[in-house]
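All remarks here apply to the structure that follows.
Since every read-out is calculated from the coordinates, none of them should be taken as a lab result. Worth saying up front: this structure is predicted, and the values here are computed from it rather than measured. Positions of Cβ are generated from backbone atoms using ideal geometry, with glycine treated the same way; all protein chains shown enter the neighbour counts.
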Amino acid sequence: MQFFRASVLGLLPLLGITGCGDVPGLGVTNDAALDAAPYPDILPQNALPQPQAGRLTANSEDEIDARGARLKDRARAL
């Protein structure tokens, strides 16, 4: 317990120091067109594109179970 506490207390400042460093090149782009591109418009929630309809149907669970059984049969055959 003493070793664990000492190691945690010893590593804690090191972890804190790593968050203070600057990583070179994160904000730099090499593409002038990207720098000149306009920022996308911020849309209200009701104007956002609607998500696609779900691919699951009423018998999806049965289809998945049947596919799992077929895969298990193929694995046994190998």
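The label-point distance for ILE64 and LEU12, in a model that sets each label 7 Å from Cα toward Cβ, rounds to 4.4 nm. Here Kirkwood radius over Cα pairs in Å was computed from the coordinates, and among [x] 20.7; [y] 12.9; [z] 15.0 the match is [x].
Here the label points at ALA77 and ASP31, each 7 Å from Cα along the C-beta direction, are separated by 4.7 nm in the simple model. Taking the Cα centre of the range 7-66 as origin and assigning +1 to Lys and Arg Cβ atoms and -1 to Asp and Glu Cβ atoms, the resulting dipole is close to 300 debye. When the charge dipole of the chain is built from unit charges on Cβ atoms (+1 for Lys and Arg, -1 for Asp and Glu) and taken about the Cα centre, the candidate among VAL28, ILE17, PRO49 whose Cα reaches farthest toward its positive end is ILE17. Listed from fewest to most Cβ neighbours within 10 Å, the set ARG76, ARG67 follows the order ARG76, ARG67.
Mean residue ellipticity at 222 nm, helices only, the chain: -16500 deg cm²/dmol; runs of at least 4 DSSP H residues each add -39,500 (n - 2.57), and the sum is divided by the number of residues.
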